[in-house]
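Inspection log for the structure reproduced underneath, given as structure tokens.
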Amino acid sequence: MLTPVASPVRIFFCLQPTDMRLSFTGLTGLVRSYMGGDPLSGNMFVFRNRRGDRLKILVWDRDGFVLWYKQLQRGTFRFPVAACQQSVEIDRSTLMLILDGIDLQSVRRLKRYHGAESVRLPAAGSAGARAL
């Protein structure tokens, strides 16, 4: 099983089908040239094959690359859809949904609180401020 992903790690999903024979060197080249990313950043880079039954995840782990590979015996992974992009950033929960075989098109996300940095409260003297 994939180890838990730390929250500051960004996850990028390559939308182009990838040759699963590629290993560390080939995938780092794809990250740099095709996805425009830095393979040494500590971010996770997810690749899929054309049939959609195999995934590789590449990540730099302080002193070397880690390559995680999963091949399904039956069925396919359901991938994010994005028009005219080479890669898309996904969150940890979306990655877990993909790995668990959940169709992302059938998932409806409910609104959630995302921390104080994303919430802007009006200043006390502004028109938008109300007494509680």
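Computed from the coordinates by the stated procedures, all read-outs in this text should not be read as laboratory data. Just so it is clear, the model here is predicted, and its values are computed rather than measured. Here Cβ is always computed from backbone atoms with ideal geometry, including for glycine, and neighbour counts include all displayed protein chains.
Think of region 11-107 as having a plus end and a minus end, set by charges on the Cβ of Lys, Arg, Asp and Glu; of Leu40, Thr94, Thr25, Thr25 sits farthest toward the positive end of this dipole. On full extension, the segment bounded by Met96 and Thr25 gains 23.0 nm, given 0.36 nm per residue less the C-alpha separation. Taken along the Cα-to-beta-carbon direction at a fixed 7 Å, the label points for Arg109 and Leu67 span 3.1 nm. Neighbours of Thr18, meaning other residues whose beta-carbon lies under 10 angstrom from its beta-carbon, give a summed charge of +4 when Lys and Arg score +1 and Asp and Glu score -1. Within the shell of other residues whose beta carbon sits under 14 angstrom from the beta carbon of Gly101, the net charge comes to +2, with Lys and Arg scored +1 and Asp and Glu -1. Here the relative contact order of region 11-107, from alpha carbon pairs under 8 Å that lie six or more residues apart, stands at 29 percent. Scanning residues 5 or more positions from Gly37 or on other chains, those with amide H under 5 Å from its amide H are Arg32, with H placed 1.01 Å from N in the peptide plane.
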